Amino acid sequence: MIKNKKKLIFKAVVFIMVIFLMNTEVFSVICANGAGGGYEDPGGGKSNFGSTKENSIIESYIEEGGGYFLNAFSNIISISNRVEMENINGIDYDELNKVVDNALDNIRNAKYTYSILIQTALYTPYDLAVISKLKLFDYQAFMTEYSLNKGLLLLIKNEVSLNKMPALPRIWEVNEEASNNLTFGQYITRVFYALQKNR
Amino acid sequence: MNKSTKKFILKSLIFFMAIFLLNNQIYSYVLANGSGQGYEDPGDGKSNFGSTKDNSIIDTYIEKGGGYFLNSFSSILSFSNRIEMKNIEGFDFEEIQMILDSAINNMISAKSTYYILIQIAQDTPYDPEAISKLRSFDYQSFMNNYSLNSEIFKEVEWYLKNGNITGNFIRIYNSFIKIEGLLLSIKDELSLNKMPSLSTIWDVNEEATRTLVFGQYITRIFNAI
């Protein structure tokens, strides 16, 4: 009887743990997340790889930078929507100016966060266990690729602030660059996620 | 009226016309726009190709469908932002459900608009001039000049080079159906106050991104020809 009870309690604990792990994002999320697991812990020089909690300063910066970037991209798509619907809904330049300003603020914040991230990453040794798994992964190249071209948004802002429709090729370029960045960052997350799962 | 006044008026008129043309997008915009010019006008069977105004029912549906899609994509990115920032800012299930509902509703509207667009396009003859330009267009150089994504561009090229403009709309429509399905499965998880699965969110983002770039390449090509 006691043995049966113990077994039942053990099963219940295992069940709850499984549910907990299924619902907790062991490892996040969208833009380049998980890449922080590729570095040793800046505090104690310990490996973070496979940790079940969001584990390093690097990971926090990745989250913050990714959050800003996603907001900026959402604003950029809103700008495109206003341009697309111009013939049907007309254009409210005051509103469009606000959306462009938001996109710029968010992209500036993303860039600033990523500049701190790069400094932190440069001074943090790689986790050799992860690097041996990734082999050819070039994180520095990713950092360079990731930054969105703020100049394009500034050109759009200049036009919109004169109540002028922004030039279409610029809108296309911004959209394509943001799309590339999102896909690029997400593929990194997918790779780290797969490494984590196969560990 | 003396000669110099006439000259001045003429110059002013030319100046205003130039400003007007610079400020009016002769030809639009972001998602698959301009491809309406590949069809004859459903009303009088006249060619739309090279017209300086947004001129056909088809273009209107393209704009409307594109607008709904872009609204939906903007909500999808806001949704992704909330997921990305959940450790920093916490997670408001009610707010995120509202964002998701907006993404779903806009995607449903985009899908319905594209459904009607495809029906109209299928019943409208192609403009032979536009089709011939699409067949002879130098896709390879265009792709290289603008450093476009070759995988997506080749797909667009395949449809347009074969004179199958409607095929592009069907391809976009199928993407809308896929995105809607993914969004609905996220909604199911959220309605149980459960975090949606990451791979579904990645799939939605990638499909929406691909659709945006696909549609934009069509616009780029029609703009170029």
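Scan region A:125-145 and tell me whether some residue there is within 14 Å of chain B (Cβ to nearest Cβ) and modelled with pLDDT under 75.
Yes, region A:125-145 has at least one match.
Could you check how many residues of region B:160-170 are surrounded by fewer than 20 Cβ atoms within 10 Å (Cβ to Cβ) and either of a type in the set (S, T, N, Q) or under 13 Å from B:I218 (Cβ atoms) (or both)? Talk me through it step by step, then tell me what you get.
Step one: filter region B:160-170 for residues surrounded by fewer than 20 Cβ atoms within 10 Å (Cβ to Cβ), giving B:161-164, B:167, B:170.
Filter again for either of a type in the set (S, T, N, Q) or under 13 Å from B:I218 (Cβ atoms) (or both), leaving B:161-162, B:164, B:167, B:170.
Final tally of qualifying residues: 5.
Scan region B:106-121 residue by residue and report those that are without any contact (Cβ under 8 Å) to a residue 24 or more places away in the chain and more than 15 Å from the chain's Cα centre (by Cα).
Once the filter is applied, which keeps residues that are without any contact (Cβ under 8 Å) to a residue 24 or more places away in the chain and more than 15 Å from the chain's Cα centre (by Cα), region B:106-121 yields only B:Q119.
Pull up region B:176-214, narrow it to residues that are more than 14 Å from chain A (Cβ to nearest Cβ) and of a type in the set (S, T, N, Q), then point me to the one that is farthest from B:T166 (Cα to Cα).
B:S191
Take the conditions in contact with a Lys or Arg (Cβ under 7 Å, 6 or more places away or on another chain), of a type in the set (K, R), at pLDDT 55 or above and under 27 Å from B:V213 (Cα atoms) and apply them to A:K98. Does it pass?
Details: in contact with a Lys or Arg (Cβ under 7 Å, 6 or more places away or on another chain): no; of a type in the set (K, R): yes; at pLDDT 55 or above: yes; under 27 Å from B:V213 (Cα atoms): yes.
Criteria not met by A:K98.
Return the residues of region A:151-178 that are in contact (Cβ under 8 Å) with a residue 12 or more places away in the chain and facing chain B (nearest Cβ under 8 Å); say none if nothing qualifies.
A:M165, A:L168, A:I171, A:N175
Going by the structure shown, is B:Y217 of a type in the set (F, W, Y) and within 14 Å of chain A (Cβ to nearest Cβ)?
Yes: the conditions hold for B:Y217.
Looking at (1) part of a helix (DSSP H, G or I); (2) surrounded by 15 or more Cβ atoms within 10 Å (Cβ to Cβ); (3) modelled with pLDDT of 80 or more, can you tell me which one A:F192 breaks?
The number of the failed condition is (3).
Can you pull out every residue in region A:88-122 that is under 30 Å from B:K64 (Cβ atoms) and either in contact (Cβ under 8 Å) with a residue 40 or more places away in the chain or surrounded by 16 or more Cβ atoms within 10 Å (Cβ to Cβ) (or both)?
Correct list: A:I91, A:Y93, A:L96, A:N97, A:V99, A:V100, A:D101, A:N102, A:A103, A:L104, A:N106, A:I107.
Output yes when any residue across region B:153-175 is assigned to a helix (DSSP H, G or I) and within 12 Å of chain A (Cβ to nearest Cβ), and no when none is.
So far as region B:153-175 goes, yes, one or more of its residues are assigned to a helix (DSSP H, G or I) and within 12 Å of chain A (Cβ to nearest Cβ).
Just checking: which of the helices (runs of 4 or more DSSP H) contained wholly in region B:48-150 hold 2 or more residues that are more than 25 Å from B:R220 (Cβ to Cβ) and within 14 Å of another protein chain (Cβ to nearest Cβ)?
B:57-84, B:86-89, B:93-122
Can you confirm whether A:V29 is modelled with pLDDT of 55 or more, within 9 Å of another protein chain (Cβ to nearest Cβ) and outside any helix (DSSP H, G or I)?
Answer is yes for this residue.
The values are calculated or read from the model by the stated rules, or taken from the named source; none is laboratory data. Only a predicted model underlies this, so the values are computations on that prediction, with no experimental measurement involved. All Cβ positions, even for glycine, are placed from backbone atoms using ideal geometry, and neighbour counts span all protein chains on display.
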